Amino acid sequence: MYVENIREPADLRDLDYEQLRDLAGEIRDFIVSAVSEVGGHLGSNLGAVELTLALHRVFESPTDAILWDTGHQAYVHKIVTGRQAGFETLRQAGGLSGYPSREESPHDLIENSHASTVLSYADGLASARDLGTNPQRHIVAVVGDGAMTGGMSYEALNNMGHHNRGVIVVLNDNGRSYAPTISNLSANSQGVDVQANHPSIPDRVTGRLSEALTDIRQNPVYVKRQRRLEEFLQGLPLVGNQAGSAMDAFKAGVREFLQPPSFFEALGSRYIGPFDGHDIEQMEHAFHNAIELSAEGPIVVHVLTQKGRGYSPAEDDDEKNLHDAPVFDPLVGPPKAVTTGYTQAFADAVIKEAESDSRLVAITAAMPGPTGLIPFQSRFPDRFFDVGIAEQHAVTSAAGMAMGGLRPVVAIYSTFLNRAWDQVVYDVAMHRLPVIFCLDRAGVTGPDGSSHHGVYDMALLSKVPGMRVLVPSSAQELAQMLHDATALADSGPVVIRYPRGAARQVSEHEVGVGLHARKVRSSSDPASAVCVVGIGKMVEIAEKAAAALADQGTDVTVWDARSCAPLDPDMVADAASHRHVVTIEDGIRDGGIGMALATEVCEIDGSVPVTPLGLPTKFLPHDPKSSNIHARYGLDVDGLVATIRNT
């Protein structure tokens, strides 16, 4: 067993290539075993084993910065940097993070759990190095799992090329993000004709020519001779400029024929590849040459890998190559992923609405499966749009669709909508466009940690002029809200936000309508009672707390807010008639819905105290049980009961 003896990257350099192949197999077995026990990201890490080993044999982390985008492909990096023992606590409370973590290791320079940012980090680090304040020698940015589809990647490439920053970009191209990558660049590099969806006719010719040119282009001797030839041609009397232009035109013609070299070089980065991302020796050779070539500016090393490699259940998973997995039996693999809870309620509801409204279209950013849109895609393929990891584009494209007469539904995780804040405010809301945002994974989300908790959306979106923010407390409420939103959107955008996990099932009479709140429980004497306003999933907590208090002789009124922006004036007036008001929400307390309600209650009767309960404005840790995080901040039944008793 080689894996047990790898405690730091230097231990890899004593192994020969046959031993490295055995080690790669052991690492795959280790990852499958570890993830099967606690859940986590699987497919992306199985595909990055040889790539990670080659990187750590050539570069000397942390003297050389190895940066991961996205960070969920860094499990192998964690293993070879001394964190094997921690994998039994992967994504558990107080345990190993599922992403790079600066608190865990000096080898983790950035905590990159959202995509398409690493090239900007690399550009900044290289700038600091060139100005003498950053001691790192080489800056290596590993871009994979569709992160190259995000706009920031291209902005960074453009700037790196313009300033000639010596950054080594490793494009880990597995043709996928969560789902298959939405990118002509990836499709072409994988030998696919994206127009006809079959192997490209000139593959054989271009493949051989590409291999030959790659061997030439990554040779530092060739590069130096090319520079001397260019200088010689430019220096020729009378015809120098024409000769230089002719050479440039010839090179441009070759680049146009062989995408993606032309793409990267147009942005100022040298390109070599593609290489076999599972051939350690080939990649090491490419990385050594890239080090020399990076002295002249940024260089892209393109490697092709297979997501889920070496584990047949992952290789055979057409949807996502087991991108992520719950606890499972490693001998048979995880059960087929199915949508559940609020996501399933949305999946059913959006199809129902689309069947009755031909204007309705659905948009997602690289996550059709997790947002529940695969059934919609199958039912309405021409009305489904996956834009890749490009949330900003998704929102403004939706704005354009709305301007053109469509009724777009943008299905996205709450945490990822933060990346498109400007577009939500100025491209959609300011134009009062009929766009419906359906935010999955809102609130505390559990094992993925601080970057994935969707705790800011209510506080932020409720401040956007004209935005309506709806929060369902059951599967039936979500369906009703989506139906209502199609009409409400006539006067501007609507947000429906809902949590990860199970959804309550309620009867028809327990469902509200429109922008109206719903009174769940009435007190016999409001003037002596406490009014609890629950928001979304917290309504169930409020009901249970009220029932527990009623058994002890304490009378409590309970409202389901439903509409958080605007707040129902009838609910606010009723709350103001009580001796005390308590609000409870699965979002940040500061600037949240509870504080907004407190302001409106005060306008009616300034003597009525309001106690808003919510999450603190801090980065919350990961914990597989969201309820543990809620309990920590008094957002469970016991915590709410204690708060009401103290009023």
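The values are calculated or read from the model by the stated rules, or taken from the named source; none is laboratory data. Not measured: the values here are computed from a predicted model. Positions of Cβ are backbone-derived with ideal geometry, glycine not excepted, and every protein chain shown enters the neighbour counts. For the accessible areas, the whole protein counts, side chains as well, though only heavy atoms, and no ligand, DNA or RNA atoms are used. Shrake-Rupley method; radii C 1.70, N 1.55, O 1.52, S 1.80 Å.
Remarks
- Residue match in the range 355-363 (condition: assigned to a helix (DSSP H, G or I), more than 20 Å from the chain's Cα centre (by Cα), surrounded by fewer than 24 Cβ atoms within 10 Å (Cβ to Cβ) and of a type in the set (S, T, N, Q)): yes
- Cross-chain or 6+ apart pairs with Cβ under 6 Å, the range 409-429 first and without any contact (Cβ under 8 Å) to a residue 40 or more places away in the chain, then among the hydroxyl-bearing types (Ser, Thr, Tyr) and assigned to a helix (DSSP H, G or I): GLN423/THR396; ASP427/THR396
- Residue check for ARG91: out of contact with any helix residue (DSSP H, G or I) (no Cβ under 8 Å at 6 or more places or on another chain), surrounded by 18 or more Cβ atoms within 10 Å (Cβ to Cβ) and not aromatic (Phe, Trp, Tyr): no
- Residues that are within 34 Å of the chain's Cα centre (by Cα) and either under 23 Å from ARG500 (Cβ atoms) or touching a residue at least 24 places away in the same chain (Cβ under 8 Å) (or both), drawn from the range 587-610: GLY587, ILE588, ARG589, ASP590, GLY591, GLY592, ILE593, GLY594, ALA596, LEU597
- The listed residue being β-branched (Val, Ile, Thr) and either more than 21 Å from PRO9 (Cα to Cα) or surrounded by fewer than 24 Cβ atoms within 10 Å (Cβ to Cβ) (or both), out of VAL118, VAL76, VAL80: VAL118
- Close pairs (8 angstrom Cβ cut-off, 6 or more residues apart or separate chains): at positive phi in the range 80-96, open to solvent by 50 Å² or more (accessible area, probe 1.4 Å) and in a loop (DSSP other than H, G, I, E, B) anywhere: GLY82/ARG7; GLY82/GLU8; ARG91/PRO624; GLY94/PRO621
- Count of the range 325-342 residues which are in contact with a Phe, Trp or Tyr (Cβ under 8 Å, 6 or more places away or on another chain) and open to solvent by less than 50 Å² (accessible area, probe 1.4 Å): 3
- Matching residues, the range 132-170, being closer than 25 Å to HIS323 by Cα and either assigned to a strand (DSSP E or B) or among the acidic types (Asp, Glu) (or both): VAL140, ALA141, VAL142, VAL143, GLY144, ASP145, VAL169, VAL170
- Residue selected from the range 530-564 under the condition in contact (Cβ under 8 Å) with a residue 40 or more places away in the chain and open to solvent by 10 Å² or more (accessible area, probe 1.4 Å), by the criterion nearest to VAL494 (Cα to Cα): LYS537
- Near pairs, Cβ below 9 angstrom, 6+ apart or cross-chain, from the range 339-351 (under 15 Å from PRO368 (Cβ atoms)) to any residue that is open to solvent by 20 Å² or more (accessible area, probe 1.4 Å) and among the basic types (Lys, Arg): THR343/ARG441; THR343/ARG500; ILE351/ARG379
For every residue, the table says whether it meets (1) assigned to a loop (DSSP other than H, G, I, E, B); (2) closer than 15 Å to PRO62 by Cα; (3) modelled with pLDDT under 95; (4) not acidic (Asp, Glu).
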{"position": "GLY94", "(1), (2), (3), (4)": "yes, no, yes, yes"}
{"position": "GLY98", "(1), (2), (3), (4)": "yes, no, yes, yes"}
{"position": "GLU103", "(1), (2), (3), (4)": "yes, yes, yes, no"}
{"position": "HIS107", "(1), (2), (3), (4)": "yes, yes, no, yes"}
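- Pairs with Cβ under 7 Å, 6+ apart, first in the range 321-335 and under 12 Å from GLY308 (Cα atoms) and of a type in the set (A, V, I, L, M, F, W, C), second part of a loop (DSSP other than H, G, I, E, B) and open to solvent by less than 50 Å² (accessible area, probe 1.4 Å): LEU322/LEU42; LEU322/GLY308; LEU322/PRO334; ALA325/GLY39; ALA325/LEU42; ALA325/PRO334
- If you check ALA295, ALA314 for being assigned to a helix (DSSP H, G or I) and open to solvent by less than 20 Å² (accessible area, probe 1.4 Å), only one passes: ALA314.
- Output for the range 1-20, where each listed residue is more than 19 Å from TYR75 (Cβ to Cβ) and modelled with pLDDT of 95 or more: ALA10, ARG13, LEU15, ASP16, TYR17, GLU18, GLN19
- In the range 484-500, of all residues being in a loop (DSSP other than H, G, I, E, B), out of contact with any Pro (no Cβ under 6 Å at 6 or more places or on another chain) and modelled with pLDDT of 95 or more, the one that is surrounded by the fewest Cβ atoms within 10 Å (Cβ to Cβ) corresponds to GLY492.
- Test: residue in the range 626-634 that is open to solvent by less than 20 Å² (accessible area, probe 1.4 Å) and part of a strand (DSSP E or B): no
- From GLY372, GLY388, residue being in a loop (DSSP other than H, G, I, E, B), at pLDDT 95 or above and open to solvent by less than 20 Å² (accessible area, probe 1.4 Å): GLY372
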